[in-house]
Amino acid sequence: MGTPHAILMTATAMAIGAAFAADSGAGSSQDSHAAARKLIAESKCEACHARKVGGDGTGIYTRPDRKVKTKARVAGQVALCNTELNLGLFPDDEAAITAFLNDTYYKYK
Ligand code: HEC
């Protein structure tokens, strides 16, 4: 009489603590955007987005039915892609990418 062994699935809480304020204020330097572009290229963000929206992939940020509707959500979605896909970005990287995406595509205040 074997004790049935329940398969325990670890419920991974989707805690996206994008609480740290993205500091794109005070004259966001060209430098931080250069870093963000490099990170985006290295993480193959657009290569993957292109599979969904075609083109160079950046259309995902400007599509009419885009997900992201506020600046906070930009940070949240960057964090989500990073975590979901195991891209290994640090919080500083996410903040730089968020600032770049917002300045370039979303332009939320
Ligand atoms: C392996 C595939 C993949 C990779 C790699 C990836 N993403 Fe995404 N990303 C997606 C998909 C799929 C969506 C659309 C999700 C949806 O529509 O529900 C998305 C959506 C987004 C959005 C929201 C677009 C909108 O609707 O406004 C942002 C922002 C984003 N990704 C940022 C990034 C960044 C930054 C990186 C790299 C650091 C990245 N993603 C890497 C698959 C990927």
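Could you figure out which of (1) more than 7 Å from the ligand (Cβ to nearest atom); (2) over 11 Å from the mean Cα position of the chain (by Cα); (3) modelled with pLDDT of 95 or more isn't true of G76?
(2)
Out of everything in the range 83-97 that is assigned to a helix (DSSP H, G or I) and of a type in the set (A, V, I, L, M), what residue ends up being nearest to the ligand (Cβ to nearest atom)? Give the steps one after another, and end with the answer.
Step one: filter the range 83-97 for residues assigned to a helix (DSSP H, G or I), giving 83-84, 91-97.
Next, from what is left, pick out any that are of a type in the set (A, V, I, L, M): 95-97.
Working: A95: 11, A96: 10, I97: 5 Å.
Restricting to residues being assigned to a helix (DSSP H, G or I) and of a type in the set (A, V, I, L, M), the top hit is I97.
From the set of residues in the range 64-73 that are more than 6 Å from the ligand (Cβ to nearest atom) and either surrounded by 14 or more Cβ atoms within 10 Å (Cβ to Cβ) or not acidic (D, E) (or both), which is farthest from Y108 (Cα to Cα)? I'd like the intermediate steps shown before the answer.
Pass one, the range 64-73, residues more than 6 Å from the ligand (Cβ to nearest atom): 64-65, 69-73.
Subset that is either surrounded by 14 or more Cβ atoms within 10 Å (Cβ to Cβ) or not acidic (D, E) (or both): 64, 69-73.
Numbers: P64: 15, K69: 8, T70: 6, K71: 6, A72: 9, R73: 10 Å.
Restricting to residues being more than 6 Å from the ligand (Cβ to nearest atom) and either surrounded by 14 or more Cβ atoms within 10 Å (Cβ to Cβ) or not acidic (D, E) (or both), the top hit is P64.
For (1) more than 10 Å from the ligand (Cβ to nearest atom); (2) modelled with pLDDT under 50; (3) of a type in the set (A, V, I, L, M); (4) over 12 Å from L101 (Cβ atoms), each residue gets a yes or a no:
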residue	(1), (2), (3), (4)
P4	yes, no, no, yes
I7	yes, yes, yes, yes
A15	yes, yes, yes, yes
A21	yes, yes, yes, yes
K38	yes, no, no, yes
A41	no, no, yes, yes
H49	no, no, no, no
K52	no, no, no, yes
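The values are calculated or read from the model by the stated rules, or taken from the named source; none is laboratory data. Bear in mind that the values here come from a model prediction, so they are computed numbers and not experimental data. Heads up, the Cβs are rebuilt from the backbone with ideal geometry, glycines too, and the neighbour counts pull from every protein chain shown.
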